[in-house]
1. Which pairs break 23 Å Cα to Cα here: 129/333; 283/684; 221/769; 616/667; 769/824?
2. Quick one: which residues, 5 or more positions from residue 175 or on another chain, have an amide H under 5 Å from its amide H? H modelled 1.01 Å from N in the peptide plane, none for Pro or chain starts.
3. Just reorder 674, 243 by solvent-accessible area, largest first, 1.4 Å probe, all chains present.
4. A 26 angstrom limit on the alpha carbon distance is what I want to check against. Which of 305/768; 378/1026; 294/378; 768/792 exceed it?
5. Starting from the Cα of residue 594, step 7 Å along the direction of its Cβ; do the same at residue 624; then give the gap between the two resulting points in nm.
6. What are the residues whose amide H is under 5 Å from the amide H of residue 831, where those residues sit 5 or more places off or on another chain and H is modelled from the backbone?
7. Would you mind computing, in nm to one decimal, how far apart the modelled labels at residue 1011 and residue 970 are, each placed 7 Å from Cα along Cα→Cβ?
8. Packing-wise, with mean Cβ within 10 Å as the measure, how do 762-768, 939-945 rank, highest first?
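The values are calculated or read from the model by the stated rules, or taken from the named source; none is laboratory data. As the structure is a computational prediction, the values presented were derived from the model and not from experiment. Glycine also receives a Cβ, built like all others from the backbone with ideal geometry; neighbour counts cover every protein chain displayed. For accessibility, only protein heavy atoms count, side chains too; no ligands or nucleic acids. Shrake-Rupley method; radii C 1.70, N 1.55, O 1.52, S 1.80 Å.
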Amino acid sequence: MTQLIKKLCAGWKHKKERYKKRVSLNMGETEQRPTAGSRLGAQENAGISTLEHGQKPPMTPPGKLISIKIQMLDDTQETFDVPQRAPGKVLHDAVCNHLNLVEGDYFGLEFPDHKKMMVWLDLLKPVMKQIRRPKHVVVKFVVKFFPPDHAQLQEELTRYLFALQVKQDLAQGRLTCNDTSTALLISHIVQSEIGDFDETIDREHLAKNKYIPQQEALEDKIMEFHRSHMGQTPAESDFQLLEIARRLEMYGIRLHPAKDREGTKINLAVANTGILVFQGHTKINAFNWAKVRKLSFKRKRFLIKLRPDVNSSFQDTLEFLMASRDFCKSFWKICVEHHAFFRLFEEPKPKPKPVLFSRGSSFRFSGRTQKQVLDYVKEGGHKKVQFERKHSKIHSIRSLTAQPSEQHTEVPKQSSSFACGDDSDAAAVQSSRQGKELKASTEDTGQHKSPSLKKSPKEGRKVDGAVVSTVEEEEEAAKDRMQQNRPQSQQPSTGSLTGSPHLSELSINSQGGPSVANMSLSPNLSPDAKQSSPLISPLLNDPSCIRTEEEEDVKRKRFPTEKAYFIAKEVATTERTYLKDLEVITSWFQSAVSKEDCMPETLRNLIFSNFEPLHKFHTGFLKEIEQRLALWEGRSNAHIKGDYQRIGDVMLKNIQSMKQLTIHLWKHNEILIELENGIKNSRKLETFCRDFELQKVCYLPLNTFLLRPLHRLMHYKQIMERLCKHYPPSHIDFRDSRAALAEISEMVAQLHGNMIKMENFQKLHELKKDLIGIDNLVIPGREFIRLGSLSKLSGKGLQQRMFFLFNDILLYTSRGLTASNQFKVHGHLPLYGMTIEESEEEWGVPHCLTLRGQHQSIVVAASTRAEMDKWTEDVQMAIDLAEKSSGPAPELLASSPPDNKSPDETTVDQESEDDLSASRTSLERQSPHRGNTTVHVCWHRNTSVSMIDFSIAVENQLSGNLLRKFKNSNGWQKLWVVFTNFCMFFYKSHQDNHPLASLPLLGYSLTIPSESENIHKDYVFKLHFKSHVYYFRAESEYTFERWMEVIRSATSSASRTRALSHKEPHAY
């Protein structure tokens, strides 16, 4: 043994000496060897550099280059040259760079291996070791990770590529659905490719393009759907296509054949939520990531080890048999990657290599997780690009000098923009593509342009979460556009700027000044449902509809200045909004109901027979008010006599006539109850109403529109109170105004008690849509008190939870990356016998409270002292109410067991962000849900609101024109603004049927600009939240004060003392 060791040491010493000689040779003068060029007599290179001073020669990749053919999602082929030893990530990054794709982590490269089995390219392994014969292999660039909500795709280019993937899956039969859904999907594809409906063009296009096998049978239905997409831009069509596709059970699903233990043939698949089991194309089981403890494979067997069930002490291991070990390992890898991408916060670190023996696979996920991708794009660490659509024949206009545009809540911001010519009637830029293939290599991808993609200047960022309005990101986009505008300030430009797939049009400014952003929106508000937004619209493209600041000042000076005039004008502006709200029911909802046989005839008659008389009356009422204002403003000689500079007589006449409609107002309680009962008893009606709420005209919950007539009575009462307070008793209009106030006060007093009950009933049903894991939220006697975000202390530390406080129970929930955007109930605490106490010192957490129930206790922390005080006050009041009631509340949770752990337990709460799949019965009833509700705003802004705040918000509604300015922009943009439900909704004009964008104001601060901000205008107020700053300018002192008053009610939550001393009592 000793001799063996000596021999080994001698060998190592000899190798070491040889290595030293080689190193010294390289560091000294190298041995001169004749080259092939010198042997042939060629001149030697004198070593003179052709690089500029300071430049460095490019790094040449080691090894020989190999050419890889990549098939893109638009069916084009590109060739990329990569080094033989380069890992797969080099090729993947080269493709993404070639496409200017920021969110490339959702995509992967797929190719057939030597056994003709389709596998994903491993980003860590060398390309050459995976693709053995690159000349004979075409690698496909496809979507690999399908997120639960397409609104999380923050780039328009990414959504376009996802839409191409859906189109491909339809053609290949991978995305299966019924004929109606298929026709609807194809209609959006056709809209994005050829534009608005034309029967001749449609038939020719469908004859040339086969989207599915046996397409002929669906052509009429496709064209019928296509007809309804008038004005929809390609980006909007992509958004709507993904909105429909993500609801389908087979969306993003790739089936892997297997057998269960009994030998039954099944298919396995993996999704963002976990592992799915299919029989044919029907899902029969799902294993959520939260339930899966370990995934492994052994030869052909794929093993899923589940976490122990609550009701048992053993761990269950499921076993599936696949065709071969390679199939099994391939599926296992895909599962590992999906779990890491959707569940982890960052890329997993590599495990240390074993010293002697390795056990198991060393495979791990490589790349950014979804959270890292979202954070990167949200932080704006990239340049936005513009691109061309290969198949689209639609004209597209984009401007670099346009003002920032509005975008609606929860819709990611992205657009493409073209620099247009200097003629005001410049022709639209048509997307085009040369029919030849281009080759790109890793050395010059920056110089090549994809046949379907182009670079463009940088544009705006994504919104704050999924809830915060895109108004906030326009501020960021304004910075870049200001810089781009400077060198082009002398050139007039036609322009269209899209802030999202829903915002597409800008008016044309032939004078060369910045254009006002006039946008059209898609049918979903969150994501917004959209109908028409014509590209060629007088409203959007007529230069005469744009007013400069000077024109506004002249107009302001020409109109009357007395306070009574502006009070009368408030009646007109709010009446316009009210009439539009009535039309949501009498026109849009009624039209939708007539097309679908889903509502009982009795319910249909009940709703529309009571709303149509109201709409007819208020149409005439608005006409009278506008005529009176026209006379008051001097558009007639009648103003000289002073007979028409009043509004009390018009109000008195119409309020007296309104009394005859009281019978219809009393029916609203019955309408609300019957509609909710109908939804509860009919799945078809439930789906119909849910889909209608996703349309952009329905910018508020549907049942809120049913209460609008009662809310309007309170507005009349407040307006008449202000008018009577303004007039002296001797004024000509005082007597009529006081009589009108008396009449409307009598109507409000009669209906007020009924309205309070209906508001609570409506709020409970609205919250029911935001929650899952609950069966009986709406029960007699239950009253809503407060909702908001608190941090709950558990074994994992402080975790954000959404709390819902009622007069008998307290719920806590979490929100995850789910398709429905809903909150999963994790536990509840009955208020009967509960105590509440501050516990900052005990737990060392600021603003901390301990809630001790009869069976469990939880520790929560508020974001601020003020929030803690609000919760303390309301919880204590709710405990007092519960003590006065008959006893404990009934059980609430439908499927989730109550969390009975106390905060000091060391066990970890099994509260998963993706735990929504735990209850299949709950999930089956759910579908995509709007994400801009008050609940979601509170979650993102980390604040809370009470029922008293909601009641006060009902009274504080306002409409009118405002001029808006960003912190980093120069000009003011005129918008029609509606304030309601703690939110500002922005329109091009009061004639628009739906808002362009919205800005939830919960959490915002309302102030007046300081001298240092250089806002040298009158009647300007400032809204700011974190780094987002907006300025709004009113037309008069009265309107300025009114906007300040109503917005302050949303930005600063009312204290209970102040609210209960309000002149109209608010009961629960």
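1. 221/769
2. HN-HN under 5 Å from residue 175: 170.
3. On the way: 674 80, 243 5 Å².
Descending accessible area places them as 674, 243.
4. 305/768; 294/378
5. 2.9 nm
6. For residue 831, the qualifying residues are 809, 810, 889.
7. Each label point lies 7 Å from its Cα, and together they span 2.6 nm.
8. Working: 762-768: 19.0, 939-945: 21.0.
Peptide ranking by packing, descending: 939-945, 762-768.
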